[in-house]
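The values are calculated or read from the model by the stated rules, or taken from the named source; none is laboratory data. It should be emphasised that the depicted structure is a prediction, and the values quoted were computed from it without experimental measurement. Please note: Cβ atoms are built from the backbone with ideal geometry, for glycine as well, and neighbour counts cover all protein chains shown. Surface areas here come from the heavy atoms of the whole protein model, side chains and all, with no ligands, DNA or RNA. Shrake-Rupley method; radii C 1.70, N 1.55, O 1.52, S 1.80 Å.
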Amino acid sequence: DRLVPLTEKGWQQARKTGKALKKLFGSFNYVFYSDYKRADETTAAILGAYNMKERSRMAIKAEPLLRERESGYFHNMTEEEIQEKFPWFLEYWESAPVFDRLPIGGESIRGMAEGRLSRVLEKLENLSCEAGDKTVMFGTHGRTIIGLRYLLEGWDNDRANFEIKNNNPPNASVTVYSLDYLGKPKLKFAN
């Protein structure tokens, strides 16, 4: 999973997104991206909309905490292989709430959110304390975006499960927050 590259369509989507982001937000102060290949390539394609001088003013860094959910023992397994090696598991997977499904040796979306994604937001809070308005871009994955939204918007279990089932972020989607006068995140746009 971590080595899966972008498709040509993915590159096109990311370049188009980069042009739109530049038009809407100008340059970013910080760019953090998952160290999985497709997120790295998506970020590179988005940043291709900016010239070298603009990019030189951005702090750009891979952030492993923004990775997709860890799939544990099921990494690179097909559904058929899972059924063969863990015949009881698919019944559990289909009956458990999506937000709390726990792959063997992996992490649930809730666990990812309340664990490592909480640490990402703590790091972000420390950056914002450095003074002034800052713009930050995350290049990450669909389930990671769901986990971040859960934290930033204070979703309950029902909302988290609904969003995962019905509004999984598409490739090259954009979710935008601003901070209110109290410094609390407010969703401006999603997908």
For the chain, what does the relative contact order come out to in percent, with C-alpha contacts under 8 Å and a separation of six or more? 23
Whole number please: convex hull volume per residue, Cα atoms of the range 115-191, in Å³. 98
The range 50-117 - convex hull of the alpha-carbon atoms, volume per residue in Å³: 125
Hey, what number do you get for the chain at 222 nm if only DSSP H runs of n ≥ 4 count, each worth -39500 (n - 2.57), divided across all residues, to the nearest 500? -13000 deg cm²/dmol
How would TYR50, TYR73, TYR177 rank on accessible area, largest to smallest, probe 1.4 Å? TYR73, TYR177, TYR50
Largest first, how would PHE25, PHE99 line up by accessible area (1.4 Å probe)? PHE25, PHE99
Once you keep just the Cα pairs under 8 angstrom separated by 6 or more residues, what percentage relative contact order results for the range 105-191? 24
Report ³J(HN,Hα) in whole Hz for each residue of the range 159-174, in order, from the Karplus equation J = 6.51 cos²θ - 1.76 cosθ + 1.60 where θ = phi - 60°; Gly and Pro get x. 5, 4, 5, 4, 4, 4, 6, 10, 9, 4, x, x, 4, 6, 6, 10
Quick one: which of LYS16/LYS85; LYS9/LYS184; LYS19/LYS123; LYS19/LYS134; LYS9/LYS85; LYS22/LYS184 span more than 31 angstrom between C-alpha atoms? LYS16/LYS85; LYS9/LYS184; LYS9/LYS85
GLY139 long-range amide H proximity, modeled H, under 5 Å: PHE32, TYR33, SER34
Report the residues of the range 46-77 in range of a label on LYS19: point 7 Å along Cα→C-beta, backbone N strictly under 13 Å from it. 46, 48-50
Quick one: Debye curve from the C-alpha atoms of the range 1-152, no solvent, what's log10 I(q)/I(0) at q = 0.13, 0.15, 0.17 Å⁻¹? -0.69, -0.87, -1.04
Part-to-part distance (alpha-carbon centres) for the range 17-46 and the range 167-188, which is given in Å: 15
